[in-house]
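Here the structure is laid out as structure tokens; the discussion comes afterwards.
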Amino acid sequence: MEDEEAVPVGGAEEPAAARARRVEVPIHVGRIVVHSLELPLVHHFRTAYGTISRKRTILVRLEDVGGIVGWAEAPTAELPTYGPDTHDSTWYALTELLAPRLIGRSFAGPAELVASWAALRGQHPAKHALECAAWSVASQKVGTSLSQLWSGVRRAVPVGESFGIAESVAALLDQIERRMAEGYCRIKVKIEPGWDVEVLRAVAERFPGVPLSADGNCGYAGSGPWAELDRLGLLMIEQPLAADALCELADVQGSISTAICLDESASSPGITEAALRLGCGQIVNIKPARLGGILASMEVHDICQARSLPVWCGGMLETGVGRGFNLALASLPNFSLPADMSPARIFYAEDLVEPTFDIRPDGTVAVPEQPGCGFHVQEDRIDQYTAVRWSGG
Ligand SMILES: [Mg+2]
């Protein structure tokens, strides 16, 4: 169904969220199926939170009464270490709280669907997945890509790579060496107390000229080697302190010239704006599942753009299904720093979309041009890896 009127015509300066909220493509929710999958990882991935070797994730299939199907993903973690949500809490939120209240209802567009759960707090990955499924249906009805529907401005997204804490500095350098040959534009190294200044110095010396970031994942408490890190010429120091340590983050940012990037702290548009006003950071890592959806992510994008602060799109080990939405989002104007968008093949033995996406020699990933999540979803593979299924409608 072609309906180009559905894409609002707004001024170039109109904030992305306001524009997206005006997209009116009716969504008539027929059936929703929620899949809990278990996907083997290619390599173990170690962060300040521990080591994982396989990953559960949740996929949502929203079928419009007219027959159009939107797939989306709620990337989940086993433990509430990164954020307050877990795989099981997200499963509960989807199957008990959110999906049942959508089935059989009609909405003027994705924004109205999102407004329907305004009274329910939290449950961000679950809300993100259902919102994305609605956007997938809307983009297929309109016949345009998500990037076009959201007024994206770039056709390719520059990507960096993130490196977990390794067995040794030599092992880390070897890993980076192998991966940098693929063209990545930025190196990000996970740090923790005792694995920081010397490690970063070794990486900077081995790969001069490549933008280098550090990610503390909230792993420091109070004091840290801020002055030494500040002398390394890093692109940013991501979330060195706890998510709610806003006063302390502002103190650290006030004492160094390197930009602090908010990740775990940026849990909602309002909290992100408060953190930026306090001076907690100068860059924001936007992870749509952490923020509770695309519209909330666009609001953060707009808040930062109004303050002339750049954003970039982070990753949560999504499969190609989830990455499709992230790539479209990262095509918006203020996503001016490289994204964590390594191909799904780096993590998963098999992706859930075919063909899967890959990094190009110039260090970018193409923004999908086809409607829906942007890729051809392999329903048989999803069934193959599904451990538990819920359906309603
Ligand atoms: Mg981070």
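The values are calculated or read from the model by the stated rules, or taken from the named source; none is laboratory data. Bear in mind that the values here come from a model prediction, so they are computed numbers and not experimental data. Neighbour counts run over all protein chains shown; Cβ positions are idealised from the backbone, glycine included. The area values use the complete protein model at the heavy-atom level, side chains included, leaving out ligands, DNA and RNA. Shrake-Rupley method; radii C 1.70, N 1.55, O 1.52, S 1.80 Å.
The residues in segment 223-257 that are away from the ligand (no atom under 16 Å from the Cβ), over 28 Å from GLU177 (Cα atoms) and open to solvent by 50 Å² or more (accessible area, probe 1.4 Å) can be counted, and the count is 7. Considering only residues of segment 161-178 that are touching a Phe, Trp or Tyr at 6+ places or on another chain (Cβ under 8 Å) and not in a loop (DSSP other than H, G, I, E, B), which is nearest to PHE347 (Cα to Cα)? Going through the qualifying residues, I end up with GLU161. Residue-level check: of (1) open to solvent by less than 20 Å² (accessible area, probe 1.4 Å); (2) at pLDDT below 95; (3) among the hydrophobic types (A, V, I, L, M, F, W, C), ALA339 misses just (2).
Checked against (1) open to solvent by less than 50 Å² (accessible area, probe 1.4 Å); (2) modelled with pLDDT under 95, PRO40 meets all criteria but (1).
Looking only at segment 59-74, decide whether some residue is over 27 Å from TYR348 (Cβ atoms), in a helix (DSSP H, G or I) and either open to solvent by less than 20 Å² (accessible area, probe 1.4 Å) or in contact with a His (Cβ under 6 Å, 6 or more places away or on another chain) (or both). Even if it seems obvious, please write down each step before you answer.
Step one: filter segment 59-74 for residues over 27 Å from TYR348 (Cβ atoms), giving 64-67.
From what's left, in a helix (DSSP H, G or I): none.
Looking for residues that are over 27 Å from TYR348 (Cβ atoms), in a helix (DSSP H, G or I) and either open to solvent by less than 20 Å² (accessible area, probe 1.4 Å) or in contact with a His (Cβ under 6 Å, 6 or more places away or on another chain) (or both), one finds none in segment 59-74, hence no.
Among the residues of segment 307-325, the ones that are outside any loop (DSSP other than H, G, I, E, B) and within 14 Å of the ligand (Cβ to nearest atom) come to 3 in all. With respect to (1) outside any helix (DSSP H, G or I); (2) more than 21 Å from the chain's Cα centre (by Cα); (3) within 15 Å of the ligand (Cβ to nearest atom), the lone exception for GLY209 is condition (3).
Might you check whether a residue that is over 22 Å from ARG154 (Cβ atoms) and more than 16 Å from the ligand (Cβ to nearest atom) occurs anywhere in segment 283-291? No, that holds for no residue. Each residue in segment 180-206 was checked for being within 25 Å of THR364 (Cα to Cα), open to solvent by 10 Å² or more (accessible area, probe 1.4 Å) and free of Cβ contacts under 8 Å to residues at least 40 places away in the same chain, and 5 pass. Note on segment 265-275: among residues that are open to solvent by 10 Å² or more (accessible area, probe 1.4 Å) and of a type outside the set (Val, Ile, Thr), the one that is nearest to the ligand (Cβ to nearest atom) is SER267.
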